[in-house]
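Derivation of every value follows stated rules applied to the coordinates shown; laboratory data play no part. These numbers were taken from a predicted model, which means no experiment stands behind them. Here the Cβ is made from the backbone with ideal geometry for all residues, glycine too, and neighbour counts use every protein chain on show.
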Amino acid sequence: MKILLVFDFDHTIIDDNSDTRIVQCAPEKKLPIELQDSYEKGFWTKFMGRVFKYLGDEGVTEDEMKRAVTSMPLTPGMVELLNFIRKNKDKFECIIISDSNSVFINWVLEATNFRDVFDKVFTNPAAFDSNGLLTVENYHTHSCNRCPKNLCKNVVLVEFVDKQLQQGVNYARIVYIGDGGNDVCPVMFLKKNDVAMPRKGYTLQKTLSRMSQNLEPTESSVVVWSSGVEIISHLLFLIKE
Ligand SMILES: [Mg+2]
Ligand SMILES: [Zn+2]
């Protein structure tokens, strides 16, 4: 049985937020105040749709956006980690669940040559329309009240694992690698054998440590990381078990 590795994208694989970085393409590298203030909690994808529309109307091209996105650095140790996973593909299956979008993630995986490491990418579907505007849609609809309207990562993960099980694929354990507030929901549902790997100093890690102080720890074990190299050490430990 393989280990299922679940990756977040922004601030986990890349050391930045793609949706924030893209604003660098705007005139004066900022959004008009009205647009900036139009974000409603839970409706991130809708907001990004308006941002992409604005960038398109300002004449920002696909190429400029691609350059901005692919110039974001990978998180420290991520190259080593992804190479390690590639070399050990017989032991790991690897997916991304991200609230970014398919265009940005494809650009990064292509530019860094790591597309083959990931078996599947779950994210908001995006595409350039015939007018050159980037459009983005909600990944799905769900009824989880902890998560933004467009994506509950826990629902995605549970559906994926169930579907794999129907095909006869069972995982030894799940290792969840992420940083953000929207990674809390899937981590809360990990089981005893699974491992939550929150990035040190980021929202997910702070939330998990607050939960354990409040005596509501997660069922899974928690291993904090700052670099992908530390994740390799833990994966080596898991495959030797
Ligand atoms: Mg993130
Ligand atoms: Zn949720």
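List of remarks:
- Each listed q (0.18, 0.21, 0.23, 0.26 Å⁻¹) maps to a log10 I(q)/I(0) for region 105-184 from the Debye sum over equal C-alpha point scatterers, namely -1.03, -1.25, -1.31, -1.32.
- The C-alpha radius of gyration of region 68-112, expressed as a fraction of 2.2 N^0.38 Å, stands at 1.25.
- Set K30/K120; K149/K200; K91/K163 screened for pairs whose C-alpha atoms are more than 31 Å apart: K30/K120
- Projected onto their three principal axes, the Cα atoms of region 1-66 cover extents of 51, 29, 16 Å, largest first.
- Between the Cα long axis of helix 153-166 and the first principal axis of the chain there is an angle of about 50°, rounded to the nearest 10.
- Angle of helix 78-87 to the longest C-alpha principal axis of the chain, folded into 0 to 90 degrees and rounded to 10: 50°.
- Overall Cα dimensions of region 158-229 - principal axes, largest extent first, Å: 38, 30, 20
- Charge context of I97, other residues only, Cβ under 10 angstrom, K/R +1, D/E -1: -1
- Here the convex hull built on the C-alpha positions of region 78-145 has a volume of 118 cubic angstrom per residue.
- Percent of Cα pairs exceeding the 27 Å cut-off, where the set is the chain: 35 percent
- Region 192-212 and region 37-83 have Cα centres separated by 26 Å.
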